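Here's the structure we're looking at; comments come further down.
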């Protein structure tokens, strides 16, 4: 195992050094110390970019989404779901009112027709729950107030079982509210293990105790949550933002005038009103993604290269990318060059073994030199045209008439 790690490290080290040496080719006109400085600078640049890459990658992995808050005005507000639980039997009456205080109907139906009753026994406590229809919407021109009246038989109220440790919990009604478009949470404090746990459960938001002979005003407003789905690959890459959207409500209950007790008076009364049609949207966003990582690395690399060029000047233009390093691509490139330059490739190397210090230049040597110069000229034109300068807009210059041809 250690031998494998050692050989792998040596291979990576040798490859990295060769890569750095290829990035800074040796120039015969420059002193060696300058090339050493270039190599060190190149090493620092790539090391800094690699460290910055690790930093951004860790930021993507451990970043907490940011919360952006905005508001939107809705035309209609869905009426909240409500759940009333009690240790004794009770009945309910419901009415819809408009903004002028007049009784209205919803789609031709009275309010009480939308109530649903569920009864269940839980040890010694008897629960009855009521829910209103989620399709009921409230606005300024239609339903503005939902009035709930809870009636309890006096005999049931007197015979309700009280617990010595927590009579307020066992002898009172609990009403809880939730948004119509989200799954309702069944609030059952009787399932708690202790009275203290029941009292803590009652402190949950949107849950209140209905005391006898009281009338309440319940104001609610709507919130929308957009939780970022961190498991979605698109959110990490940065192509799209997928969120888990859900609504919730905030409530505020106030005491109104006490109820005059009579034989037909309700146990408690609750008027539900919406406070505003402005919905607050809390959306989560992720700043660091794979695309932002790439853009950050590109910007940092561009900055380092600009500083390098400012200090040492520009490097040679290298049209050979990593794809050219593949054996098949390199072999095909060499074959195409050999087809075009059958004798030799002048830019690589030209040798005249029979000549020393340009002496004894014969007519044959001159012709050979001219041929080599023609090949070099053709090759330089080809290399410049294909890898250095884009002359696509200048190709039609040969068709422009000259002065001699026009006689001007």
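What is the gain in length, in nm to one decimal, between residue 278 and residue 58 on full extension, counting 0.36 nm per residue of separation less the C-alpha to C-alpha distance?
Numbers: separation 220, 0.36 × 220 = 79.20 nm, distance 3.83 nm.
Gain on stretching residue 278 to residue 58: 75.4 nm.
Describe numerically, in nm with one decimal, the distance between label points set 7 Å from Cα along Cα→Cβ at residue 74 and at residue 6.
For the pair residue 74/residue 6, the computed spacing is 7.0 nm.
With a Förster radius of 56 Å, plug the Cβ-Cβ distance of residue 109 and residue 291 into 1/(1 + (r/R0)^6) and report the FRET value to the nearest 0.05. Please list the in-between numbers first.
Working: r = 53 Å, r/R0 = 0.94.
FRET efficiency, residue 109 to residue 291: 0.60.
With labels modelled as points extended 7 Å from the Cα through the Cβ direction, what inter-label distance (nm, one decimal) is found for residue 366 paired with residue 116?
Rounded to a tenth, the inter-label distance reads 10.8 nm.
Each value in this text was obtained by applying a stated rule to the coordinates, not by laboratory testing. Source: prediction; values computed, not measured. Cβ coordinates were reconstructed from backbone atoms using ideal geometry, including for glycine residues, and neighbour counts include every protein chain displayed.
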